[in-house]
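Undergrad: Dropping the structure in here first, questions after.
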Amino acid sequence: MRILVINPGSTSTKMAVYEGDKQLLRTNIPHSAEDLARFEEVVDQIDFRTQLVLDTLQQNNIPLDFAAVIGRGGLAKPVQGGVYEINQQMIDDARNCIHMHACDLGCIISDIIAKKIPGCRSFIADPGVVDELNDYARISGSPLMNRICIWHALNQKAIARRFAAEQGREYEELNLIICHLGGGISVAAHDHGRAVDANNALDGEGPFSPERAGSLPASDLIRLCFSGKYTEAELLKRIAGQAGLNAHLGTNDAREVERRILEERDRHAELIFNAMIYHTAKAIASEAAVLYGKIDAILITGGMARSEYIIKRLRNRVGFLAPFYVYPGEDELEALALNAYAVLSGRREAKPYN
């Protein structure tokens with residue numbers, strides 16, 4: 001059951017090879033600005049990235065012999081959580097995605113490689129647009145705008161299953177609040193295997209983060225849009241990219257902010273950093289109401305979960321709600337591989353995409 005895992009990102013393509021659940025190869029293929037500048041659109045990078053994956057396999061003496069190829073899911077269309085067999089409809093949706101991101105190449109590259117191998121299957125799993133929201137969660141205060149969720153579904157669901165296995169339980173038996181602390185911060189209420197409430201961590205909801213603004217005062221935002229001071233593109237960057245810690249402190253590196261606080265006694269950095277933690281704790285606590293206070297555990301994951309400074313302060317604010325567990329970092333390659341392995345070994349079924 002050899003599995004090839006492909007995770008295309010904005011500036012690199014991560015890949016791994018697994019034998020069942022055992023990792024044989026893991027590498028990150030960087031793409032310089034010069035490499036990508038010759039491609040007008042993200043979709044034009046398909047052949048370039050596909051060949052790099054094939055070359056890397058050859059360089060590591062790994063034959064093109066896989067039971068499955070699994071890629072990172074894209075942002076084209078909201079779906080339920082789970083593993084999906086790649087089909088032509090998925091590929092067409094990915095190619096025609098209005099706001100195409102490199103992650104949308106995952107299914108396309110995986111399909112191309114899988115078709116080179118007799119009997120090989122191709123999948124994606126838990127893309128960032130997994131939508132299992134309850135009806136209340138979709139409604140905002142304006143009928144012109146419904147709430148949507150774009151969140152760290154792959155890592156959150158992988159951590160949920162890992163925690164459940166450690167407890168001798170099934171994910172579908174548990175009520176969990178999970179918070180992913182990364183460049184964006186996503187918080188979700190998982191009700192017996194469904195994320196019934198989650199924020200749009202990409203562009204404008206929830207706590208602010210190292211790179212994202214989170215929820216903003218609506219009237220002030222509208223006035224800013226009509227002030228004539230910024231273009232649409234510039235304002236969008238003020239929502240995601242040039243926002244959060246980056247906007248306040250000139251860095252998106254939480255470790256650098258901690259250094260300023262602890263070594264330089266930078267009171268402004270301390271104020272902003274603690275405000276981010278404060279708003280994150282509020283978001284976690286609000287999901288308790290979604291679950292009627294019946295919470296089996298709070299799980300904290302993502303890169304910033306390595307920070308004792310952040311974890312201590314989050315635990316102090318929300319640890320009274322439920323048992324509090326920390327799973328530092330994220331491993332999307334392993335999460336994808338385990339999803340594929342679960343299907344190949346008959347423990348889960350791949351869903352049809354339509």
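The values are calculated or read from the model by the stated rules, or taken from the named source; none is laboratory data. None of these values were measured; they are calculated from a predicted model. Cβ: placed from backbone, ideal geometry, glycine included. Neighbour counts: every protein chain shown. The area values use the complete protein model at the heavy-atom level, side chains included, leaving out ligands, DNA and RNA. Shrake-Rupley method; radii C 1.70, N 1.55, O 1.52, S 1.80 Å.
Undergrad: I'd like to check something: does the stretch 317-327 contain any residue that is assigned to a helix (DSSP H, G or I) and over 19 Å from Gly183 (Cα atoms)? Steps first, answer last, please.
TA: From the stretch 317-327, those assigned to a helix (DSSP H, G or I) are 317-318; that's our starting set.
Within this subset, residues satisfying the condition of being over 19 Å from Gly183 (Cα atoms) are 317-318.
Yes.
Undergrad: Continuing with the same structure: Looking at (1) more than 22 Å from Asp135 (Cα to Cα); (2) of a type in the set (Gly, Ala, Ser); (3) surrounded by fewer than 20 Cβ atoms within 10 Å (Cβ to Cβ), which is the only condition Ser215 fails?
TA: Going through the list (1) more than 22 Å from Asp135 (Cα to Cα); (2) of a type in the set (Gly, Ala, Ser); (3) surrounded by fewer than 20 Cβ atoms within 10 Å (Cβ to Cβ), Ser215 breaks only (1).
Undergrad: Same structure, new question: Would you point out the residue of the stretch 178-200, among those that are open to solvent by less than 10 Å² (accessible area, probe 1.4 Å) and free of Cβ contacts under 8 Å to residues at least 60 places away in the same chain, that is nearest to Asp296 (Cα to Cα)?
TA: Looking at the filtered set, the residue picked out is His190.
Undergrad: Moving on to the next point. In the stretch 83-102, which residues are under 18 Å from Asp131 (Cα atoms) and in contact with an Asp or Glu (Cβ under 7 Å, 6 or more places away or on another chain)?
TA: Ala94, Cys97
Undergrad: Scanning the stretch 144-166 for residues that are in contact with an Asp or Glu (Cβ under 8 Å, 6 or more places away or on another chain) and in a loop (DSSP other than H, G, I, E, B), which turns out most open to solvent (accessible area, probe 1.4 Å)?
TA: Looking at the filtered set, the residue picked out is Ile148.
Undergrad: State all residues of the stretch 297-310 that are closer than 22 Å to Asp197 by Cβ and either among the aliphatic types (A, V, I, L, M) or surrounded by fewer than 19 Cβ atoms within 10 Å (Cβ to Cβ) (or both); if no residue qualifies, say none.
TA: Ala297, Ile298, Leu299, Ile300, Met304, Ala305
Undergrad: Could you check, for the stretch 105-114, whether at least one of its residues is in contact with a helix residue (DSSP H, G or I) (Cβ under 8 Å, 6 or more places away or on another chain) and in a strand (DSSP E or B)?
TA: Checked against the condition, which is being in contact with a helix residue (DSSP H, G or I) (Cβ under 8 Å, 6 or more places away or on another chain) and in a strand (DSSP E or B), the stretch 105-114 yields no hits at all.
Undergrad: Would a scan of the stretch 211-228 turn up a residue that is outside any helix (DSSP H, G or I) and touching a residue at least 60 places away in the same chain (Cβ under 8 Å)?
TA: yes
Undergrad: Now, a different point. Applying the selection to the stretch 311-331, what residues are open to solvent by 10 Å² or more (accessible area, probe 1.4 Å) and modelled with pLDDT under 95?
TA: Selection gives Glu330, Asp331.
Undergrad: For the stretch 332-340, state whether one or more residues are open to solvent by less than 50 Å² (accessible area, probe 1.4 Å), of a type outside the set (Ser, Thr, Tyr) and farther than 23 Å from Val130 by Cβ.
TA: Within the stretch 332-340, the first condition is being open to solvent by less than 50 Å² (accessible area, probe 1.4 Å), and the residues that meet it are 332-333, 335-337, 339-340.
After this cut, where a residue has to be of a type outside the set (Ser, Thr, Tyr) as well, the list is 332-333, 335-337, 339-340.
Now narrow it down to the ones that are farther than 23 Å from Val130 by Cβ: none.
The answer is no, given that none of the residues of the stretch 332-340 is open to solvent by less than 50 Å² (accessible area, probe 1.4 Å), of a type outside the set (Ser, Thr, Tyr) and farther than 23 Å from Val130 by Cβ.
Undergrad: Counting just the residues of the stretch 80-103 that are under 15 Å from Val343 (Cβ atoms) and touching a Lys or Arg at 6+ places or on another chain (Cβ under 8 Å), which one comes out most open to solvent (accessible area, probe 1.4 Å)?
TA: Per the stated criteria, the residue is Glu85.
Undergrad: Would you mention how many residues in the stretch 29-43 are open to solvent by 80 Å² or more (accessible area, probe 1.4 Å) and either among the basic types (Lys, Arg) or within 20 Å of the chain's Cα centre (by Cα) (or both)?
TA: So the answer is 2.
Undergrad: Identify, from the list Gly106, Gly141, the residue that is over 16 Å from Phe66 (Cα atoms), open to solvent by 80 Å² or more (accessible area, probe 1.4 Å) and modelled with pLDDT of 95 or more.
TA: Answer to the selection: Gly141.
Undergrad: I'd like the full set of residues that are in contact with a Phe, Trp or Tyr (Cβ under 8 Å, 6 or more places away or on another chain) and of a type outside the set (Lys, Arg), limited to the stretch 315-333.
TA: Val318, Tyr325, Tyr327
Undergrad: Go through (1) open to solvent by 20 Å² or more (accessible area, probe 1.4 Å); (2) in contact (Cβ under 8 Å) with a residue 12 or more places away in the chain; (3) under 26 Å from Pro78 (Cβ atoms) for Leu291 and report which single condition fails.
TA: (1)
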